[in-house]
There are 4 protein chains.
Amino acid sequence: MSIKISQNFDAGAIEVLSTADVGNIQLNLRSDSNAEFSQWFYFRLQGARDQDATIHIMNAGQATYPDGWVNYRAVASYDRENWFRVETEFDGKVMSIKHTPDTDSVYYAYFEPYSWERHLALLGSVEQSDQVRVEDLGSTVDGRDLNLVVVGNPSAKKKVWIIARQHPGETMAEWLVEGTLNALLDPSNPIARAILDQAVLYVVPNMNPDGSVRGNLRTNAAGANLNREWMTPSLETSPEVYHVKKKIEEVGCDLFLDIHGDEGLPYVFVAGSEMLEGFTEKQMQEQTAFVNSFCAASPDFQTKFGYEASKYNEDLLKLASKYIGHTYKCVSLTLELPFKDNANMPDLEVGWDGSRSMKLGEAMLQPILTTVRNIVKN
Amino acid sequence: MSIKISQNFDAGAIEVLSTADVGNIQLNLRSDSNAEFSQWFYFRLQGARDQDATIHIMNAGQATYPDGWVNYRAVASYDRENWFRVETEFDGKVMSIKHTPDTDSVYYAYFEPYSWERHLALLGSVEQSDQVRVEDLGSTVDGRDLNLVVVGNPSAKKKVWIIARQHPGETMAEWLVEGTLNALLDPSNPIARAILDQAVLYVVPNMNPDGSVRGNLRTNAAGANLNREWMTPSLETSPEVYHVKKKIEEVGCDLFLDIHGDEGLPYVFVAGSEMLEGFTEKQMQEQTAFVNSFCAASPDFQTKFGYEASKYNEDLLKLASKYIGHTYKCVSLTLELPFKDNANMPDLEVGWDGSRSMKLGEAMLQPILTTVRNIVKN
Amino acid sequence: MSIKISQNFDAGAIEVLSTADVGNIQLNLRSDSNAEFSQWFYFRLQGARDQDATIHIMNAGQATYPDGWVNYRAVASYDRENWFRVETEFDGKVMSIKHTPDTDSVYYAYFEPYSWERHLALLGSVEQSDQVRVEDLGSTVDGRDLNLVVVGNPSAKKKVWIIARQHPGETMAEWLVEGTLNALLDPSNPIARAILDQAVLYVVPNMNPDGSVRGNLRTNAAGANLNREWMTPSLETSPEVYHVKKKIEEVGCDLFLDIHGDEGLPYVFVAGSEMLEGFTEKQMQEQTAFVNSFCAASPDFQTKFGYEASKYNEDLLKLASKYIGHTYKCVSLTLELPFKDNANMPDLEVGWDGSRSMKLGEAMLQPILTTVRNIVKN
Amino acid sequence: MSIKISQNFDAGAIEVLSTADVGNIQLNLRSDSNAEFSQWFYFRLQGARDQDATIHIMNAGQATYPDGWVNYRAVASYDRENWFRVETEFDGKVMSIKHTPDTDSVYYAYFEPYSWERHLALLGSVEQSDQVRVEDLGSTVDGRDLNLVVVGNPSAKKKVWIIARQHPGETMAEWLVEGTLNALLDPSNPIARAILDQAVLYVVPNMNPDGSVRGNLRTNAAGANLNREWMTPSLETSPEVYHVKKKIEEVGCDLFLDIHGDEGLPYVFVAGSEMLEGFTEKQMQEQTAFVNSFCAASPDFQTKFGYEASKYNEDLLKLASKYIGHTYKCVSLTLELPFKDNANMPDLEVGWDGSRSMKLGEAMLQPILTTVRNIVKN
Ligand SMILES: [Ca+2]
Ligand SMILES: [Ca+2]
Ligand SMILES: [Ca+2]
Ligand SMILES: [Ca+2]
């Protein structure tokens, strides 16, 4: 069997330059649909069983986040269920994966994928619960369904919104949401019970279905970076934001969490809304309480490393969490998970992965409960 | 929530005419890619929870096999894991599905789907066995991988070929193959051990990847009906047959099984090669022994109902099992599974389904062993 | 941690002579309750992690079936779920197990155990099916429940009886029954459907609960060998046979299968009733058809090796299958499974085990169907 | 089938007075071995399918904790896997269970049982982890193994002890420990990682094996209440405490948690050591920090309801947590789980159960981490 690289499957993304030599396979990252971004990759290698394969990503240095390759290790899987990290180098220009696969077929990706089939299975699974309604919010540019999972009683006092994967290549965001939903629906989980006594959760597990299936890092099918569309979303090029924003206007929002992945920083952290004009003392207290509660709930969460405080400018409101925090005067956070690992608790075998993201999604119920109790009281 | 019909997912296929009235939803079957065939459908209905939905397939009477709708009941699922039959009528022109869904989201299909993700997961799973190699045979028209699963030792005396899903809408064929592969790799299964003592199996779980993902009934991406391409397959329009035929030429063939679904007949049956010129007495005896052994192994298999014996003409060799039987002078059969049910053992809840197909695929090891033993002896 | 041997758990059985030296642990087999038999052993070894342990069973040569130790390998497990074979020698007097355990705690047994907890879980599980009733037949000597599983409609034309584990140390018999029951209740199994169309099955998964929990090889709590009690069972010393015999008298019997394990022969085989006075031609034909069908259904079943045909004498009717064959003029068989392995298809890792027994129990549905069809026709 | 009550299985306990009338079944609680205590019951009812059964526990008013029957509902199960609550009344003298079983066989118990087989399976399962050693501490009065699970590196700075089920009928204690162990060994759990960075855990999942199998509420086989034996345990009548106490002396203790169930109070709470002579300020701060952290980690935990502060007297040191707190000057707590329910978050279907206990055992890692960090710092 000769060497073959393929990518025609859900989220598959790569360009093949040369496969003649298993020790010098040359590939290129592919750009997002109608956009300049490039970083996500996902491909299958066949024919290299028991051979020392070296896969060079020739244009890695021109990726959107070249820092993403520093201290980065690619993920690999034989069965697309169990993913592990493999030796990876970056010389500033080329990223090289070195691996001796055990079988004829092996997959490599930027991060553990979360397929559209799994997304639909997740919706189908949670909808079996009496506490859940799955709503259609509208259609994406490519005509996929944009679904909302409503957990709890819509007439509950407080409305908690969680949206994930505006940037479709940040699959850890949907893994986190799966963990959150599972925990919410676990009848033995007392935090879930306590939250649902006072709040209803509106969860969008995947804000960017088209980009997810297409294998984009940051954009939807029209090339829009959804997290820059919250001021003036359009039905034509950013219907995903348009529909969610409209639904928020309809039901309100008391706590907003937008889940992302960060290509560079090997930590879990949040970016808050404290730079916004009109940010209130009450918002500040509640935001701090959320953060402290999250620290207690999960040692994977931390506050030392993160984004430098951004200064206010009007463009900030193009971002989901800033727009919502500004508009609804509520705690509104962007939660960032690493692509690489949590450097405070590195896992040599799997790095940061879907499973740890799910566990974080479960732990996140604790700060949510803290916040719900605070805002009910206030 | 208003009524919505969508189909942008793996194997999704339908055209929407009207969704204004939940009691009179009007849809059309869609044609296969670049071809006239139409029969397969798979779509999602949202917004009809607890409402009496009636879904009319307006052009059902013009489908490729209108008889397929007689005594037919569509399959439905809330979670895409558990599929059940729903009330369905056909007046000769319009097929009507009547159902009151329990949840906001429900899927309807012609038959229990088998997704490309599941296909890739199957390959990944079986490749973990020491007895399995997964080989790439080439690429499809759309650039998907055409994979071969080799079970056992390639130097074994006898070569058994099983191919499935030349017609991509006949998903029961791949369900059957999954059952066969699971049984073959079950270390407690003595029939599997006995087969693998003397034979190697070459299994193509999905002959038509593109048609499967596109939601076609019978053709590949180029519009070719693969089971009419075995005389002169081309790399351009029927590479799937081209590659498999070439591999058979390379390794040989002592028993050939081509797995299909039949739209009309509610029975499991085989079509043999007895009408071929030069069909030998030995072939006849072995074919009969296979059939008798299958009857003993599974009451779902029967010989009373089936296709009328076709007369020989040269076009017959365009079909896989005829071509192989003629060329290799071996037992070569087309196995047909029902879309509807086994009328001898009807199941009101699920009809014929993926699970029964898998069980049949497991039972099929018995006639395979019978045949392997016969041909080793002869 | 010093070396410790313990046995106070379900079916635990051993006597400790010396544990001072891990390379020379000396143990004795323990006798059955109130009886001379000895063969079964089941104990836990602690403290030998990563050490070369040698365990001598000093009185193995005086066991009931010393031939049982020839070419025998003991089974071991770390988690009591996964059992594997370990190196074992027998010099005619002492049997020696040599093993270097991976963990501090490891179990050794004569054969993969089947606990009373698992028995009760099996009853609870099958009773969830609409097709099953679990009946109490009476109490054992120690006051345990003797349960009957009735599968199918009691008014069905034909009555099939399967009893297992009259000899409690023959745990493979109950593993087989678990396989049979699972297959019977699998809605996708067409053989099960076909059987239940015409027959009801009366299954006693464990004829000897007390002996099972006590860790006996052959007797109940009163020291009775139940398979010698069928002529004149007593409520005092063999209530297990008394109650089952009475129920058979009440409902009748058209096919009787008594499941056993054989200590010596490394094969699966049956002993029939052909030596009985008044054994009819019809019984012979049906018995032969059963055997032939079983051969087709499972290569683990064979007819070459087995017991020599016993001559008739009145004591024969003390045995279950002879008594029932004689009384009900039906096919009545003792099915023997090996303790060691199937020498025709040896498995170096696990030998014959629970899983292969279950698979055989599933395959046994095929000769049962053959027989049911024959006797319905006749 | 007539009505039958039986109890000869692991932890089975009841005495039968009358089963003549399904509407008036009369039973008595049985005393613990060699002791006056009585409260635990566990029995099987057969023959009452679809009948309105009323089961009177005639001597319930003379149980050790008659308050335990106030607002109490018995648990029932068909398959011994899924347990649910059934209607139960108490008039001060007689407790009456009213239930119409769906099947012929149903089990009733004081609380969801945790069998000895499950205990051994738990040991076998956790021992598969590289982080775990399972040690033998000695033997019980009946000759069962008393095992210790060591999680993490014994040379770690801090030693955390968790013991459960000194009172064998308090099965929720072992359910909790199973939850704790699962969470500790979950590679995705960051709290577990953080704890194991600095501490080793010594866990005794079942302090009272004999009482557990015998179906006792409070005593071991010799009739000893183990939680009154910590001053002067004896090898003859309380070897379980003797061996554990000795091991604690050997390795030390920095945090001690003794898990119990409370028959009367429908809440989760702890009893601390603040009444002890020489209780230090540091102990008080750390105890308070543990309690506060537990409150944050689980809304099932609370501090409003609990035992009144006991005054100090020398007999107090007979209790495990007081003895250890006094001797090792560490945080030492008795954690009490309800038999009934958590009245703050009642679950009508299952009440308090094994699953909620496991979840609490997982949440308990958070206060353990808090305490480990505090004592490492101090
Ligand atoms: Ca992002
Ligand atoms: Ca076909
Ligand atoms: Ca026997
Ligand atoms: Ca207690």
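Bear in mind that the values in this text are calculations on the coordinates, not laboratory data. Note that the structure is predicted; figures quoted are calculated from it, not measured. Don't worry about glycine lacking a Cβ; one is built from the backbone with ideal geometry, like all the others, and counts go over all protein chains shown.
Convex hull volume of the Cα atoms in segment D:163-239, per residue, in Å³?
Output value, Cα hull per residue: 96 Å³.
Using a Cα-Cα cut-off of under 22 Å, which lysines could be cross-linked to residue D:4, ignoring same-chain neighbours fewer than 8 residues away?
Straight-distance partners of residue D:4: C:245, C:246, C:247, D:98.
Give me the one-decimal nm value for the distance between modelled label points at residue A:281 and residue A:94, 7 Å along each residue's Cα-to-Cβ direction.
6.1
How large is Rg over Rh for segment B:190-327, taking Rg from the Cα atoms and Rh as the Kirkwood inverse mean of 1/r across Cα pairs?
Rounded to two decimals, Rg/Rh equals 0.96.
Would you work out the charge dipole size for segment C:1-136 about its Cα centre, treating the Cβ of every Lys and Arg as +1 and the Cβ of every Asp and Glu as -1, and quote it to the nearest 20 debye?
340
Could you tell me how far the Cα centroid of segment A:225-267 sits from the Cα centroid of segment B:100-156, in Å?
The two parts, judged by their Cα centres, are 36 Å apart.
Give me the base-10 log of I(q)/I(0) for segment A:237-308 at each q in 0.13, 0.18, 0.28 Å⁻¹, Debye formula, one uniform scatterer per Cα, rounded to two decimals.
Result of the Debye calculation: -0.53, -0.94, -1.27.
When ranked by the protection proxy of mean other Cβ atoms within 10 Å per residue, highest first, what sequence do the peptides B:203-212, C:316-325, B:283-292 form?
So the order, starting with the most tightly packed, is B:203-212, C:316-325, B:283-292.
Tally Lys and Arg at +1 and Asp and Glu at -1 over the other residues with C-beta under 13 Å from the C-beta of residue D:227: what net charge comes out?
That sum, taken over residues with Cβ under 13 Å, equals -1.
With respect to the symmetry axis carrying chain B onto chain C, which residue of chain B exhibits the smallest Cβ distance to that axis, and what is the value in whole Å?
B:296, 3
If I stretch the segment between residue C:1 and residue C:50 completely, what's the gain in nm (0.36 nm per residue apart, minus their alpha carbon distance), one decimal?
Length difference between fully extended and current span is 16.4 nm.
Post the alpha-carbon centroid distance, segment D:45-99 to segment B:332-378, in whole angstrom.
Cα centres, segment D:45-99 to segment B:332-378: 51 Å.
What would the Debye formula give as log10 I(q)/I(0) at q = 0.11, 0.14, 0.24 Å⁻¹ for the alpha-carbon point model of segment D:263-378, no solvent?
At q = 0.11, 0.14, 0.24 Å⁻¹ the computed log10 ratios are -0.38, -0.61, -1.37.
Distance in nm between label sites at residue A:311 and residue B:236, each 7 Å beyond Cα in the beta-carbon direction?
Distance between label points: 6.3 nm.
So how do C:215-227, D:346-358, C:87-99, A:107-119 stack up, highest first, on mean other-Cβ count within 10 Å?
For the peptides C:215-227, D:346-358, C:87-99, A:107-119, the packing ranking is C:215-227, A:107-119, D:346-358, C:87-99.
How large is the direction-averaged shadow of the alpha-carbon convex hull of segment C:104-149, in nm²?
Mean projected area of the Cα convex hull: 5.1 nm².
Quick one: what do you get for the protein assembly as shown if you divide its Cα Rg by 2.2 N^0.38 Å?
Output field value: 0.96.
Throw me the Rg/Rh for segment B:199-261, computed over C-alpha atoms with Kirkwood Rh, two decimals.
For segment B:199-261, the value is 0.97.
Would you mind computing, in nm to one decimal, how far apart the modelled labels at residue D:34 and residue A:102 are, each placed 7 Å from Cα along Cα→Cβ?
5.3
Once you keep just the Cα pairs under 8 angstrom separated by 6 or more residues, what percentage relative contact order results for chain B?
Contact order relative to length: 18 percent.
Quick one: label points 7 angstrom along Cα→Cβ at residue A:303, distances to the other copies in nm, smallest first?
2.1, 8.0, 8.2
Rounded to the nearest 20 Debye, what is the dipole magnitude of segment C:338-378 about its Cα centre when Lys and Arg each give +1 and Asp and Glu each give -1 at the C-beta?
360
Placing the label point 7 Å from Cα along the Cα-to-Cβ direction, what are the distances from residue D:346 to the equivalent spots in the other copies, shortest first, in nm to one decimal?
4.9, 5.4, 6.6
Work out the mean other chain Cβ neighbour count within 10 Å for the residues of C:44-55 and drop it here as an integer.
1
Above 22 Å lies some portion of the pair distances; for segment C:19-140, what is it as a whole percent of all C-alpha pairs?
Percentage above 22 Å: 46.
Given an 8 Å cut-off on Cα distances and at least 6 residues of separation, report the relative contact order of segment A:11-127 as a percent.
It comes to 27 percent, rounded to a whole number.
Can you give the net charge of the other residues whose Cβ lies under 11 Å from the Cβ of residue C:293, counting K and R as +1 and D and E as -1?
Taking every Cβ under 11 Å from that of residue C:293, the sum is 0.
At residue D:91, label 7 Å along Cα→Cβ: distances to the other copies, nm, ascending?
6.7, 7.3, 9.1
Let's see if you can work this out: charge +1 on each Lys and Arg Cβ, -1 on each Asp and Glu Cβ, no other charges. What is the dipole magnitude of the protein assembly as shown about its Cα centre, in debye to the nearest 20?
Dipole of the protein assembly as shown, to the nearest 20 debye: 0 debye.
Determine Rg/Rh for chain C; Rg is computed over alpha-carbon atoms and Rh is the Kirkwood hydrodynamic estimate from the same atoms.
Ratio value, two decimals: 0.97.
Counting only helical runs of four or more DSSP H residues, what would the 222 nm mean residue ellipticity of chain D come to if each run contributes -39,500 (n - 2.57) and the total is spread over all its residues?
For chain D, the value works out to -8000 deg cm²/dmol.
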